[in-house]
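**Student:** Got a structure here, written out as structure tokens. Questions coming.
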Amino acid sequence: MIRTRYEMAKQIYGKLGVDTDKALETLKGISISMHCWQGDDVTGFDNDGPLSGGIQTTGSYPGKARNPEELMADIDMVLSLVPGKHKINLHANYAIFEKGEFADRDKLEPKHFAKWVEFAKKRGLGLDFNPTFFSHPKAGQFTLSSPDDEIRKFWIDHGKACIRISEYFATELGQPCVMNIWIPDGYKDIPADRLSPRARFKDSLDQILSIDYDKKKVIVALESKVFGIGMESYTVGSSEFCINYAAKNGILSLMDNGHYHPTEVVSDKISSMLLFADKIALHVTRPVRWDSDHVVLFDDETREIAKEVIRNDALDRVILALDFFDASINRVAAWTIGMRNLQKSLLYALLTPNDKLKKLQNEGKFTELLMQQEELKSYPFGDIWDYFCEVNNVPVKEEWYATVSLYEEEVLLKRQ
């Protein structure tokens, strides 16, 4: 039945000049970096304290991963429900220590992530990485922009340690590691001096990037933010700072679509960035009122982001990752929904007759363009997606939820 529906849909799309087989082959090769922190509410394994740095996770749904083994088991469950081969995105606070061992963040070494490399190798996955500049006694109001030289040096050393760990990941796994830097530094109220914190941040980044590392193996990215809890009036790592620093220093700009003003959309920024940068990186999330990191939906903005990547032939230039954390619902289900929705959005874009629509725009045929864009919304996209799931041996439609419900009953609820 699924194959029959696919063949019918294939013919329908074919009349538009869309090759559905080619679209599915392309989608199968797109790797999404899945964030580990959805599974345990950004807690990590190196600190028992509360979240800090403008980050807030709400909800207390049962089944949160409490240790590396549980988190890895949950990741395995998600990957069994998502088509294709992907990457895992780690934060530095997910270091795994042997019994009785501990290293503070400025002293982290590759060996503290050896179990993650072993996990990735067995599954043929890549790893991406993020220094963790929050949820730490020395991550108060400032980290890399701190006026306290001792505090700033601690976090500079952490950034350097993370580059070495990222290079270890890339070497061991045979694929580049994206290392993304984001800091939660800023002021709650209007500052008297905006320049000095940014000058210190710039100097800190310069020092981190001064170490010798293989730039083909480690792809450093810098992520901006418009505001956060406790830094409502001023953010050191603003969009202008991060874009300019990245451009001048040969690293990537990373855009999180929850890190801008409510009327700004990342989908509109991608084309501009691609004109001036070889590559960019994205954290795909869903802001609601503010940077609340809701589960990614198959919604207008996610589809528009995917369209910009596909129609600009930029799959090899845009690095895709997810970033959300919802503790109010089943965490494994949240991961699965978000991953599948980004893949659906990419498929939707791949099934769009982009050349035809561009031609209509260039010829000024805006009535026909609007008509075609709207008619495409009711094309049999779902039949193509179902077939993609089936041929990649993952559940079709909502069938995956039964697996997650059973996993909740047999595994997650017993963690209480």
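**Student:** Go through the range 288-331 and count every residue that is on the phi > 0 side of the Ramachandran plot and outside any loop (DSSP other than H, G, I, E, B).
**Tutor:** Residues that pass the stated criteria total 1.
**Student:** With respect to the numbered conditions (1) touching a Lys or Arg at 6+ places or on another chain (Cβ under 8 Å); (2) on the phi > 0 side of the Ramachandran plot; (3) not hydroxyl-bearing (Ser, Thr, Tyr), which one is the sole condition not fulfilled by Pro83?
**Tutor:** Status for Pro83: all satisfied but (2).
**Student:** Among the listed residues Met8, Met1, identify the single one that is at pLDDT below 95, closer than 30 Å to Gln372 by Cβ and aliphatic (A, V, I, L, M).
**Tutor:** After ruling out the rest, the residue left standing is Met1.
**Student:** For the range 68-122, how many residues meet the condition of being polar (S, T, N, Q) and over 18 Å from Phe325 (Cβ atoms)?
**Tutor:** Of the residues in the range 68-122, 1 are polar (S, T, N, Q) and over 18 Å from Phe325 (Cβ atoms).
**Student:** Right, something else. Since Val394 meets every condition but one in (1) farther than 30 Å from Arg66 by Cβ; (2) surrounded by fewer than 21 Cβ atoms within 10 Å (Cβ to Cβ); (3) within 24 Å of the chain's Cα centre (by Cα), which condition does it not meet?
**Tutor:** (1)
**Student:** Say we look at the range 207-233 and pick out the residues that are surrounded by fewer than 22 Cβ atoms within 10 Å (Cβ to Cβ), in contact (Cβ under 8 Å) with a residue 40 or more places away in the chain and among the charged types (D, E, K, R); which of these is farthest from Pro110 (Cα to Cα)?
**Tutor:** My answer is Glu232.
**Student:** Say we look at the range 261-287 and pick out the residues that are in a strand (DSSP E or B) and of a type in the set (A, V, I, L, M); which of these is farthest from Ile337 (Cα to Cα)?
**Tutor:** The residue in question is Ile280.
**Student:** While we're looking at this one, here's another question. Tally the residues that are within 24 Å of Leu412 (Cβ to Cβ) and either assigned to a loop (DSSP other than H, G, I, E, B) or at pLDDT below 90 (or both), restricting the search to the range 25-48.
**Tutor:** Total meeting the criteria: 10.
**Student:** Filter the range 327-344 for residues that are surrounded by 24 or more Cβ atoms within 10 Å (Cβ to Cβ) and over 15 Å from the mean Cα position of the chain (by Cα); which is farthest from Asn393 (Cα to Cα)?
**Tutor:** It comes out as Arg331.
**Student:** Using the structure shown, decide if Lys153 is surrounded by fewer than 18 Cβ atoms within 10 Å (Cβ to Cβ) and over 30 Å from Ser196 (Cβ atoms).
**Tutor:** no
**Student:** Let me ask another. Can you name every residue in the range 332-355 that is in a helix (DSSP H, G or I), among the β-branched types (Val, Ile, Thr) and more than 25 Å from Ser405 (Cα to Cα)?
**Tutor:** Scanning the range 332-355 gives no hits.
**Student:** Pro184: under 30 Å from Ala120 (Cβ atoms) and either surrounded by 21 or more Cβ atoms within 10 Å (Cβ to Cβ) or polar (S, T, N, Q) (or both), yes or no?
**Tutor:** yes
Yes or no, residue by residue, for (1) buried (at least 20 other Cβ atoms within 10 Å of the Cβ); (2) under 22 Å from Gln361 (Cα atoms); (3) not acidic (Asp, Glu):
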{"site": "Thr285", "(1), (2), (3)": "yes, no, yes"}
{"site": "Val288", "(1), (2), (3)": "no, no, yes"}
{"site": "His294", "(1), (2), (3)": "no, no, yes"}
{"site": "Ala314", "(1), (2), (3)": "no, yes, yes"}
{"site": "Phe325", "(1), (2), (3)": "yes, no, yes"}
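**Student:** With the condition kept exactly as written, say whether any residue in the range 251-260 is assigned to a helix (DSSP H, G or I) and either touching a Pro at 6+ places or on another chain (Cβ under 9 Å) or surrounded by fewer than 19 Cβ atoms within 10 Å (Cβ to Cβ) (or both).
**Tutor:** Looking for residues that are assigned to a helix (DSSP H, G or I) and either touching a Pro at 6+ places or on another chain (Cβ under 9 Å) or surrounded by fewer than 19 Cβ atoms within 10 Å (Cβ to Cβ) (or both), one finds none in the range 251-260, hence no.
**Student:** Can you tell me which of Lys248, Lys202, Lys269, Lys279 is loosely packed, with under 13 Cβ neighbours inside 10 Å and out of contact with any Ser or Thr (no Cβ under 7 Å at 6 or more places or on another chain)?
**Tutor:** The conditions single out Lys248.
**Student:** Considering only the range 369-414, how many residues are among the aromatic types (Phe, Trp, Tyr) and either farther than 20 Å from Leu79 by Cα or free of Cβ contacts under 8 Å to residues at least 40 places away in the same chain (or both)?
**Tutor:** Qualifying residue count for the region: 2.
The values are calculated or read from the model by the stated rules, or taken from the named source; none is laboratory data. Here the structure is a predicted model, which is why all the values come from computation and not from measurement. Cβ coordinates were reconstructed from backbone atoms using ideal geometry, including for glycine residues, and neighbour counts include every protein chain displayed.
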